[in-house]
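J.: This is the structure I have questions about; it appears just below.
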Amino acid sequence: MNRHLLSMHDLSAEDVIRVLDTANSFREVGTRVIKKVPALRGRTVVNLFLENSTRTRISFELAAKRLSADVINFAAGGSSVSKGESLKDTALTLQAMGADAIVVRHSSSGSPVQLTRWVEGHVLNAGDGTHEHPTQALLDLYTMREWLGRLEGLRVAIVGDVLHSRVARSLSFGLVKMGADVTLVGPPTLIPPDAPRWGVSVGFDLSSVLPKLDVCYLLRVQTERQRLEYFPSVREYHRLFGLTRACAAQLPEGSVIMHPGPMNRGVEIDSEVADLPQSLIEEQVTNGIAIRMSLLYLLLGGGGSAGAGAGEEEVADA
Ligand code: CP
């Protein structure tokens with residue numbers, strides 16, 4: 001594996017399988033009374049979250065703590081960033097304090113790659129602007145494989161505000177890499193013009209796509225990133241692209257519904273649909289911890305020479 005995880009393009013299909021298989025070893029740790037293994041004892045992981053997050057930040061913190069790493073949580077508020085300190089000086093300060101890994105979320109696309117030029121530790125992209133969110137894609141791939149038994153040949157629709165979605169980009173790249181059949185569905189204004197070059201199909205009519213799916217993956221409408229009017233009204237968006245109860249009934253038996261969170265209940269997904277048994281939204285969150293344990297373990301040297309099943313020694317050594 002590469003030294004950093006900045007994009008799904010950093011991972012080969014074999015790397016993806018290795019991350020998912022290693023996560024399997026770590027998921028069992030989360031079911032124990034004492035949810036801790038010694039794999040990263042003495043290592044320091046910094047969570048540098050300069051944009052808001054609930055799931056990713058807490059998940060990375062739990063993952064690092066369950067691996068026995070020392071964890072520093074860093075947010076803009078309360079730090080010298082609020083006094084105008086630059087990202088470079090923040091990074092050099094963390095480097096000087098001996099950070100082995102920096103997990104970074106930032107509103108500017110490309111911030112993680114910039115960090116790699118300033119620090120010696122491993123950099124993990126926890127979401128940068130509208131660019132990528134690779135750890136979300138990996139936990140989604142894990143969840144799909146777990147529930148549907150495979151990735152190759154899966155028929156997946158990613159529905160909604162693809163234009164502003166780093167999740168849609170990373171997940172599309174990951175699914176295509178693993179041989180899945182991906183369709184992006186949304187208003188033409190919210191589909192990136194270069195999407196066909198990602199190896200995906202594009203559709204504008206949700207109803208015609210739903211009956212052919214294994215996975216219906218809803219995206220949050222990102223009003224905070226939309227500087228223009230991309231659709232006439234939220235009501236119209238919900239009517240054409242929201243997953244209502246009637247829409248969910250068009251999905252084949254055995255198919256699943258996913259969403260990366262946070263959700264706008266009543267906009268891209270009806271509240272009762274989010275709570276259906278075939279909705280995997282909470283499973284995605286749970287699996288996120290195991291995926292981030294797997295990544296920290298593999299990147300920080302715990303899995304240097306190990307293949308699939310890495311981590312079992314440390315898991316057993318708890
Ligand atoms: N899915 C996701 O990235 O959620 P957060 O913004 O809460 O981390």
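J.: Once label points are set 7 Å from the Cα along Cα→Cβ at both Ser208 and Glu152, what is their separation, rounded to one decimal in nm?
T.: Computed distance between label sites Ser208 and Glu152 equals 3.1 nm.
J.: Charges only on Cβ, +1 for Lys and Arg, -1 for Asp and Glu: so what's the dipole of the range 134-280 about the Cα centre, in debye to the nearest 20? Present the calculation step by step, with values, prior to reporting the outcome.
T.: On the way: 15 positive and 16 negative charges, 61 e Å.
Result for the range 134-280 is approximately 300 debye, rounded to the nearest 20.
J.: Now for a separate question. Which whole-number percent is the relative contact order of the chain (Cα, under 8 Å, 6+ apart)?
T.: Numbers: 616 pairs, mean separation 73.1, N = 318.
After rounding, I find 23 percent.
J.: Taking just the C-alpha trace of the range 1-48, give me its Rg and Dmax in Å.
T.: That works out to 13.5, 37 Å for Rg and Dmax.
J.: If I take R0 = 45 Å and measure r between the Cβ atoms of Thr93 and Glu14 in this structure, what FRET efficiency does the formula 1/(1 + (r/R0)^6) give, to the nearest 0.05? Could the numbers behind the result be given before it?
T.: Working: r = 36 Å, r/R0 = 0.81.
Result of the calculation: an efficiency of 0.80.
J.: While we're looking at this one, here's another question. Set the Förster radius R0 to 51 Å, insert the Cβ-Cβ distance between Asp275 and Arg3 as r into 1/(1 + (r/R0)^6), and round the FRET efficiency to 0.05.
T.: Efficiency for this residue pair is about 0.80.
J.: Another question, if that's okay. Among all stretches of the chain without exposed GluC sites (Glu not before Pro) (DSSP loop, at most 14 other Cβ atoms within 10 Å), which one is longest?
T.: 1-84
J.: Hey, any idea what Rg/Rh is for the chain, computing Rh the Kirkwood way over Cα pairs?
T.: Numbers: Rg = 19.4 Å, Rh = 20.0 Å.
Over the Cα atoms of the chain, Rg/Rh equals 0.97.
J.: Where does each of Ile58, Ile158 land when they are ordered by accessible area, with a 1.4 Å probe and the largest first? Before the final figure, lay out each step's value.
T.: Working: Ile58 75, Ile158 0 Å².
Ranked list, largest accessible area first: Ile58, Ile158.
J.: Which residue, chosen from Leu87, Pro260, Leu240, occupies the Cα position most advanced towards the positive end of the dipole of the chain, where the dipole is computed from +1 (Lys, Arg) and -1 (Asp, Glu) charges on Cβ about the Cα centre?
T.: Value: Leu87.
J.: Consider a paramagnetic label point 7 Å from the Cα of Glu253 along Cα→Cβ; state which residues of the range 207-221 have an amide N under 20 Å from it.
T.: 210-216
J.: I've got another one for you. Could you work out which residue, out of Arg117, Arg55, Arg245, moves most in a Gaussian network model of the chain, that is, has the largest mean-square fluctuation with Cα springs under 10 Å?
T.: Per the Cα network of the chain with a 10 Å cutoff, Arg117 tops the list.
J.: Where the only charges are on Cβ atoms (+1 Lys, Arg; -1 Asp, Glu), what is the dipole of the chain about its Cα centre, to the nearest 20 debye?
T.: Values: 32 positive and 36 negative charges, 94 e Å.
Computed about the Cα centre, the dipole is about 440 debye.
J.: Taking the chain as a Gaussian network, where each spring joins two C-alpha atoms under 10 Å apart, which residue of Arg66, Arg32, Arg18 fluctuates the most?
T.: Comparing Arg66, Arg32, Arg18 in the GNM, the peak value goes to Arg32.
J.: For a quick check, take a GNM of the chain with Cα springs below 10 Å and name the residue from Ser170, Ser86, Ser108 with the largest mean-square fluctuation.
T.: Of Ser170, Ser86, Ser108, the most mobile in the Gaussian network model is Ser86.
J.: Go through Leu11, Ala157, Phe49 and say which Cα lies farthest out towards the positive end of the charge dipole of the chain; charges sit on Cβ, +1 for Lys and Arg, -1 for Asp and Glu.
T.: Phe49
The values are calculated or read from the model by the stated rules, or taken from the named source; none is laboratory data. As the structure is a prediction and not an experimental result, all values here were calculated from the model. Glycine also receives a Cβ, built like all others from the backbone with ideal geometry; neighbour counts cover every protein chain displayed. When the accessible area is computed, the model is the full protein with side chains, heavy atoms only, and any ligands, DNA or RNA have been set aside. Shrake-Rupley method; radii C 1.70, N 1.55, O 1.52, S 1.80 Å.
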